[in-house]
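Scroll down for the structure; my scribbles are underneath it.
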Amino acid sequence: MERFPPSKSIAFVLLLLAACAHYAEANPGRRHPIRSIFSFGNSYTDTGNYGKLAASVLPVIPFSNLPYGETFFSRPTGRASNGRLILDFIADEFGLPFIPPILGEECNFTHGANFGVIAATALGLGFFLEKNITTVPPFNSSLNVQLEWFRKLKPTLCSTPQGSTC
């Protein structure tokens, strides 16, 4: 499997952000057609899921303490940043509130949900354990796990009084 250097990942995220900004500038005064954001990933997007997963495994979670969060929120938020993440800027650009973590206290996901987890991998934990690679988190937060969380949430977002779902 080909690995992409971090610079390509960062370039992709910056390209996505530039596309969002371009759309907003090209359509001033128009109501944004984007009403929700569902985010998957790792520390670039995690808005608090890692803290919930790691609480039972790790005695101290750095992202739940200062200086994380102090620049913008003035308190720890579970983000791997002392301020906002790119996801926060994208949500703000489209007039959406901050996207809550799926494992957080928030129960209203009408504007989206964040499934990203710090140190998440594309491959499941089993792959790494089979290869005797132990430098991964002690819990499985892979993309497949995040997609499963989304599948479980999806019926609550799409249910109608007629009983149909998306």
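The values are calculated or read from the model by the stated rules, or taken from the named source; none is laboratory data. On a predicted model such as this, the values are computed, not experimentally measured, just so you know. The protein model used for the area step is the full one, side chains on, heavy atoms only, and it has no ligands, DNA or RNA in it. Shrake-Rupley method; radii C 1.70, N 1.55, O 1.52, S 1.80 Å.
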Counting only protein heavy atoms and a 1.4 Å probe, tell me what percentage of segment 70-166's accessible area is made up of carbon and sulfur. 55 percent
Between residue 112 and residues 5 or more places away or on another chain, which pairs have amide H atoms under 5 Å apart, with H built 1.01 Å from N, and which residues are they? 37
Collect residues whose amide H, placed 1.01 Å from N in the peptide plane, falls under 5 Å from the amide H of residue 139; neighbours closer than 5 in sequence don't count. none
Could you report segment 36-109's accessible area per residue, 1.4 Å probe, as an integer in Å²? 51 Å²
Each residue of segment 142-157 in turn: what ³J(HN,Hα) in whole Hz from Karplus with 6.51, -1.76, 1.60 and θ = phi - 60°, glycine and Pro shown as x? 5, 4, 4, 5, 4, 5, 5, 4, 5, 4, 6, 6, 3, x, 6, 8
